[in-house]
Amino acid sequence: MIRFFNEDVPYKLPQKQATRQWLKHQAEAEGYTVGDLNYIFCSDEHVLQVNRDYLQHDYYTDIITFDQSEEEGKIEGDIFISVDRVADNATQLSISTEQEMRRVLAHGLLHLCGYGDKTDDEATQMRVKEDEWISRL
C-alpha cells in the first residue's frame with residue numbers, strides 16, 4: 001500500500017489516488033509489487049536532519065529513500081521528499097511544481113527498483129526512466 005504523509009509542511013498531493021495507481025503500475029512494469037511504501041512530505045530542514053542522522057551527510061537534497069524491502073520482488077520503504085527543494089527545482093527548471101514532484105516521486109521508487117544515480121551513466125539512465133514514467137502519467 002502506498003501512503004502519503006506530511007511531516008512538518010502542509011503539502012497536499014494533487015490526484016492522490018491516481019498517483020498511487022501510477023506508481024503501482026510503474027513498479028509492476030519494472031517487475032515489482034508494492035508492499036508498504038511511505039512517502040513523507042517535509043521541509044528542507046527535516047530532510048537535512050534525516051540526512052545528518054541516518055546518512056551522515058550534511059547537505060540539502062530533494063529526496064532520501066530508505067529501502068525496507070525484505071522480500072525479493074516486493075518494494076517497501078520510506079521516501080522523504082523536501083517540498084521546499086521540489087519547489088525550488090521546479091522554478092530553476094521552469095516547470096510546474098506538480099511536474100517536478102511527479103519526477104521526484106518516480107525517482108524514489110526507481111531507487112527501490114534498483115536504479116542508482118551516483119555515476120553519470122546511472123544518473124542518465126535514471127533521468128530516462130523518470131521521463132518514461134512521467135510520459136505514462
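Read-outs throughout are calculated quantities, based only on the coordinates presented, and are distinct from any laboratory measurement. No experiment lies behind these values; they were computed from the predicted model shown. Reconstructed Cβ throughout: ideal geometry from the backbone, glycine too, with neighbour counts over all protein chains shown.
What trypsin sites (Lys or Arg not before Pro) in the stretch 39-137 are in a loop by DSSP, with at most 12 other Cβ atoms within 10 Å of the Cβ?
Lys118, Arg136
Please list, or write none, the lysines whose alpha carbon is within less than 23 Å of the alpha carbon of Lys24, excluding same-chain residues fewer than 8 places away.
By straight Cα distance, Lys24 reaches Lys12, Lys16, Lys74, Lys129.
Loop only by DSSP, 16 or fewer other Cβ within 10 Å of the Cβ. Give me the GluC sites (Glu not before Pro) in the stretch 57-132 that pass, ordered by residue number.
Glu70, Glu71, Glu72
Using 7 Å Cα-to-Cβ label points, what is the Ile95/His57 separation (nm, one decimal)?
Here the modelled spin labels are 1.9 nm apart.
Between Ile134 and Glu72, how many nm apart are label points set 7 Å from Cα along the C-beta direction?
The answer from the label model is 3.5 nm.
So what does the Cα-only Debye profile of the stretch 2-135 read at q = 0.10, 0.13, 0.20 Å⁻¹, as log10 I(q)/I(0), no solvent term?
-0.30, -0.51, -1.33
Return the FRET efficiency for the residue pair Gln49, Ala18: r is the Cβ-Cβ distance, R0 is 41 Å, and the value is rounded to the nearest 0.05.
0.85
Most fluctuating residue of Gln17, Gln125, Gln92 in a GNM of the chain with Cα springs under 10 Å: which is it?
Greatest mean-square fluctuation among the candidates belongs to Gln92.
Just from its helices, what would the mean residue ellipticity at 222 nm be for the chain, if runs of 4 or more DSSP H residues each count -39500 (n - 2.57) and the sum is divided by every residue, rounded to the nearest 500 deg cm²/dmol?
It comes out at -16000 deg cm²/dmol, rounded to the nearest 500.
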